[in-house]
Amino acid sequence: MLKETFELLNRPQCEAYLKRLSLPWPRKADRAFLDALIERHLAVIPFENLNTALLHLPICLDSESLYDKIIRSRRGGYCFELNALFLGLLRGLGYEAWPVGCRVLRRPGLPHIYHRASVVLLENTLLFCDVGFGGICCSRSAELTPNAVTETDYAVFTVSREYRGWLNLHYVPRGTPEAALRPLLMICETPSAPQDFLAANEAMTAADSPFALRLMVQKLTPYGSWSINDTVLTRHTASGKETVTLDSREALAESLHRDFSLEI
């Protein structure tokens, strides 16, 4: 019964999804293609909260609404949207995958579960996959085993045991002098059902939520992230870091179109 609730896209939907990512249908649903999916997703489909912070539109988490928004309308979304539709793609391509709830470890204390990601089982190995985190993220699948290390161009990620049923994901950014691990996520090892995230989605998109009061847009590039944080555009390029203030609605619209291929 639980597995029947997991998102699942059909062949034409998967083909359209892959077309947006400029990827072919895989010869084999293996880890190499899984990593290519995650990397392309982070580069092409932005993390964004335009509906909540700017357009004042509801966030609908059913698969048809997500497919219409992200694929047909070529928009982005946030974790409950992006990772839900991505799970449908993974399962449509033949991966054995399921949703998991996560706690974001940015501040002291034990936070609520307000992040969603996916786990893929390949050759008896559990792989953590996340295309919907608006910040530092693992740009490939990460082995979900205590003491496992996953290296990317941007950071090194490690996994540790928190308690029964929970694992911690830590990271160290590339190019930083500090060697100490930084906490990122606490990941539940038990699969969730999509409806388990509905209450958190309502809380995150409420009018008084911090997530609704500040615009956030992000994508990953070969040089690092490009992001809009409220009215500040930040781009990492071959020449270094650039920061621009978007001081009008027109400037914002131009940046969304030029830098993130988004239309409002």
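The values are calculated or read from the model by the stated rules, or taken from the named source; none is laboratory data. Since the model is a prediction, treat every value here as computed from it, not as a measurement. Note that each Cβ is placed from the backbone with ideal geometry, even for glycine, and that neighbours are counted across all protein chains shown. Accessible surface is based on the protein model in full, side chains and every heavy atom, while ligands, DNA and RNA are left aside. Shrake-Rupley method; radii C 1.70, N 1.55, O 1.52, S 1.80 Å.
Conditions tested, residue by residue: (1) at pLDDT 95 or above; (2) over 22 Å from residue 35 (Cβ atoms); (3) open to solvent by 40 Å² or more (accessible area, probe 1.4 Å); (4) within 18 Å of the chain's Cα centre (by Cα).
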| site | (1), (2), (3), (4) |
| --- | --- |
| 166 | yes, yes, yes, no |
| 195 | yes, yes, yes, no |
| 210 | no, yes, yes, no |
| 224 | no, no, no, yes |
| 227 | yes, yes, no, yes |
| 258 | yes, yes, yes, no |
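Within the stretch 230-256, being surrounded by 11 or more Cβ atoms within 10 Å (Cβ to Cβ) and in contact (Cβ under 8 Å) with a residue 12 or more places away in the chain holds for 230, 231, 232, 233, 235, 236, 237, 244, 246, 252, 255, 256. Restricting the first member to the stretch 86-99 and to residues that are over 10 Å from residue 127 (Cβ atoms), and the second to residues that are open to solvent by 20 Å² or more (accessible area, probe 1.4 Å) and basic (Lys, Arg), the beta-carbon pairs closer than 8 Å and six or more apart or on different chains are 92/11; 98/3. All of (1) closer than 20 Å to residue 135 by Cα; (2) of a type in the set (Val, Ile, Thr); (3) open to solvent by 50 Å² or more (accessible area, probe 1.4 Å) hold for residue 190 with one exception: (1). State whether the residues of the stretch 84-102 include one that is among the β-branched types (Val, Ile, Thr) and within 28 Å of residue 259 (Cβ to Cβ). No - not one qualifying residue is present in the stretch 84-102.
Hey, can you tell me all the residues within the stretch 1-52 that are in a helix (DSSP H, G or I), of a type outside the set (Ser, Thr, Tyr) and either at pLDDT below 95 or open to solvent by less than 20 Å² (accessible area, probe 1.4 Å) (or both)? Walk me through it before giving the result.
So the first thing to find is which residues in the stretch 1-52 are in a helix (DSSP H, G or I), and the list is 3-5, 11-21, 31-44, 50-52.
If we keep only those that are of a type outside the set (Ser, Thr, Tyr) too, we end up with 3-4, 11-16, 18-21, 31-44, 50-51.
Selection gives 14, 18, 20, 21, 34, 37, 38, 41, 42, 50, 51.
Take the residues in the stretch 213-222 that are surrounded by 18 or more Cβ atoms within 10 Å (Cβ to Cβ) and of a type outside the set (S, T, N, Q); name whichever of them is farthest from the chain's Cα centre (by Cα). Full working, then the answer.
Taking the stretch 213-222 first, the residues surrounded by 18 or more Cβ atoms within 10 Å (Cβ to Cβ) are 215-220.
The next check asks that each one be of a type outside the set (S, T, N, Q); those that pass are 215-217, 219-220.
Working: 215: 16, 216: 13, 217: 12, 219: 10, 220: 11 Å.
Here the residue is 215.
Residue count for the stretch 191-207, restricted to those that are touching a helix residue (DSSP H, G or I) at 6+ places or on another chain (Cβ under 8 Å) and among the acidic types (Asp, Glu): 0.
Residues that are in a loop (DSSP other than H, G, I, E, B), surrounded by fewer than 18 Cβ atoms within 10 Å (Cβ to Cβ) and charged (D, E, K, R) within the stretch 114-161 comprise 123, 153, listed in sequence order. Of all residues in the stretch 64-79, those satisfying the criterion of being over 18 Å from residue 196 (Cα atoms), assigned to a loop (DSSP other than H, G, I, E, B) and either touching a helix residue (DSSP H, G or I) at 6+ places or on another chain (Cβ under 9 Å) or touching a residue at least 40 places away in the same chain (Cβ under 8 Å) (or both) are 74, 75, 76. Within the stretch 197-206, the set of residues being touching a residue at least 60 places away in the same chain (Cβ under 8 Å) and surrounded by fewer than 19 Cβ atoms within 10 Å (Cβ to Cβ) comprises 198, 200, 203.
Given the criteria over 21 Å from residue 21 (Cβ atoms), among the hydrophobic types (A, V, I, L, M, F, W, C) and not in a strand (DSSP E or B), does residue 60 qualify?
Values: over 21 Å from residue 21 (Cβ atoms): yes; among the hydrophobic types (A, V, I, L, M, F, W, C): yes; not in a strand (DSSP E or B): yes.
Yes; evaluated as a whole, the condition is true for this residue.
Across the stretch 84-105, what is the total count of residues that are among the hydrophobic types (A, V, I, L, M, F, W, C), within 16 Å of residue 37 (Cβ to Cβ) and either open to solvent by 10 Å² or more (accessible area, probe 1.4 Å) or not in a strand (DSSP E or B) (or both)?
7
If you go through the stretch 168-193 and keep only what is of a type outside the set (S, T, N, Q), part of a loop (DSSP other than H, G, I, E, B) and at pLDDT below 95, you end up with 174, 175, 177, 178, 179, 180, 181.
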